[in-house]
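What follows draws every value from the coordinates through simple rules; no lab data is involved. Just so it is clear, the structure is predicted and the values come from calculations on it, not from any experiment. Positions of Cβ are generated from backbone atoms using ideal geometry, with glycine treated the same way; all protein chains shown enter the neighbour counts.
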Amino acid sequence: MNKHDAEKTIARPKRKNRGMPAPVMFDIDALPGSVNLTALETAAVIRRTPGALEQWRRDPDHPLKWTYVDSRPLYRVDAVRQYLATSGTKRGPRETETGLPSVREMRNGTSR
């Protein structure tokens, strides 16, 4: 066994998936306001990365409110709804901020 083979057998820590999570498979409006969502579920609902939520938690005055339960951040559904209502976007990508057509517009062949 040479040095190169020994390096292959060393277990490396698994990296976190820092990309955009898949869209949620539930209706946020159908859930009671007292339900808690995980950071990954919340990121999927508001269409941001989990890393963005992690960064926002460093700012105690951020409008998206959370609470820690067993050292895990949880977001109440009513807080997520309030954030969506006041943030100016409704669960969509930032096409309005960039001025580019949305994916739906590109698929349908319509643009602004």
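State to the nearest 20 debye the size of the charge dipole of region 19-90 about its Cα centre, where the only charges are +1 on K and R beta carbons and -1 on D and E beta carbons. I would put it at about 120 debye.
Expressed in units of 2.2 N^0.38 Å, where N is the residue count, the Cα radius of gyration of region 19-90 is 1.01. Distant-in-sequence amide contacts of residue 62, defined by a placed amide H-H separation under 5 Å and a gap of 5 or more residues or a different chain, comprise nothing. 3J(HN,Hα) along region 11-16, derived from phi through the Karplus expression 6.51 cos²θ - 1.76 cosθ + 1.60 where θ = phi - 60°, amounts to 6, 9, x, 6, 7, 6 Hz, with x in place of Gly and Pro. Taking the fewest neighbouring Cβ atoms within 10 Å as the starting point, the ordered list for 48, 12 is 12, 48.
If the chain between residue 71 and residue 14 were fully stretched, how many nm would it gain, using 0.36 nm times the residue separation less the Cα-Cα distance?
Working: separation 57, 0.36 × 57 = 20.52 nm, distance 2.04 nm.
Going from the current span to full extension adds 18.5 nm.
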